[in-house]
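Just below is one structure, and these are the notes that go with it.
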């Protein structure tokens, strides 16, 4: 009965009046209904930017002081967390341990539904314990419904380890603030409550909720990467050349930023030992690879700062 009452209070579990006749709609009408609902998501996220900003500051502080960001979720929320973490490695050239994701049910849950895993509170503690959480880290719980046991258990464990806690839900702050979520409140440092309203298909939180979560995670990780020097102008310059596509992308970056030829970019990249940032500094400052590395270190890896020395 308690769980029923909790679920009944969630906006994401209520019926959407705009899609009441979707079962008899034409394909074109179905698509417009979904699209019109999706259009509201960015505005809902805009309302939470002050909270997202505070969350980014927590993450950046952790990165600058030897800490990590760890996403925790179940189902769609968990998959999105693992995805965002995984994509930061090739995009920004970070160590895979700097940002990671944990999903209820483990790796198998990434490719098939293991719905019962979201209720396994003891396993959440085991999974997070394996990460050796400390006060330096930030743990970000992701749960559309707020009450997901696996996520809440992980958050409670992380708080005991003095980690900073971010929580992302797609229900309103008013719903999040209800008394039956009070155990969660005491453990969360920053709650991001994106009020997406009811889903097109009642309770299908892989839809608007999933889209909102993906957008917020993009904002958290990308903004944090920018603030630790992984971007120059609006170009990712710390990518690792792990395949042919990335190698060619690196050359294009050098051509774009330095206004040089393809051949010059190829030679410069080789001279910089495949490091795009080093190559940029070498060319712009007319210095050796060793000196470029020294300049980057002195500028805390921010290329722009070097040009003011």
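Computed from the coordinates by the stated procedures, all read-outs in this text should not be read as laboratory data. Source: prediction; values computed, not measured. Here the Cβ is made from the backbone with ideal geometry for all residues, glycine too, and neighbour counts use every protein chain on show.
When both bridge partners sit in the chain, DSSP labels roughly 10% of those beta bridges antiparallel. Extending 7 Å from Cα along the Cβ direction at residue 31 and again at residue 87 yields two label points whose distance is 2.3 nm.
Most tightly packed first, judged by the mean number of other beta-carbon atoms within 10 Å of their residues, the peptides 138-145, 157-164, 278-285 read 138-145, 278-285, 157-164. Here the average projected area of the convex hull drawn through the C-alpha atoms of the stretch 231-306 stands at 4.5 nm².
Output the 0 to 90 degree angle, nearest 10, between the alpha-carbon long axis of helix 49-64 and the longest principal axis computed from the alpha carbons of the chain. Roughly 50 degrees between the two axes. Under a point spin-label approximation (7 Å from Cα along Cα-to-Cβ), what is the residue 177-residue 15 distance to one decimal in nm? Those two pseudo-labels are separated by 2.9 nm. Each label point was placed 7 Å from the Cα along the Cα-to-Cβ direction; for residue 305 and residue 121 their separation is 4.5 nm. Compared with the dominant principal axis of the Cα atoms in the chain, helix 276-285 is inclined by about 40°.
Expressed as a rounded percentage, what relative contact order does the chain have, with Cα pairs under 8 Å and six or more residues apart? Working shown, then result.
On the way: 503 pairs, mean separation 60.1, N = 309.
Dividing the mean separation by the residue count of the chain yields 19 percent.
Stick to Cα atoms and the Kirkwood definition of Rh, then tell me Rg/Rh for the chain. Using Cα coordinates only, the ratio equals 1.04.
Applying 0.36 nm per residue to the separation of residue 294 and residue 24 and subtracting their alpha-carbon distance, the gain on full extension is 90.6 nm.
Compared with the dominant Cα axis of the chain, that is its longest principal axis, helix 75-92 is turned about 10°.
When 76, 205, 91 are ordered from fewest to most other Cβ atoms inside 10 Å of their Cβ, what list results?
Values: 76 20, 205 23, 91 17.
Sorted ascending by nearby Cβ count, the order is 91, 76, 205.
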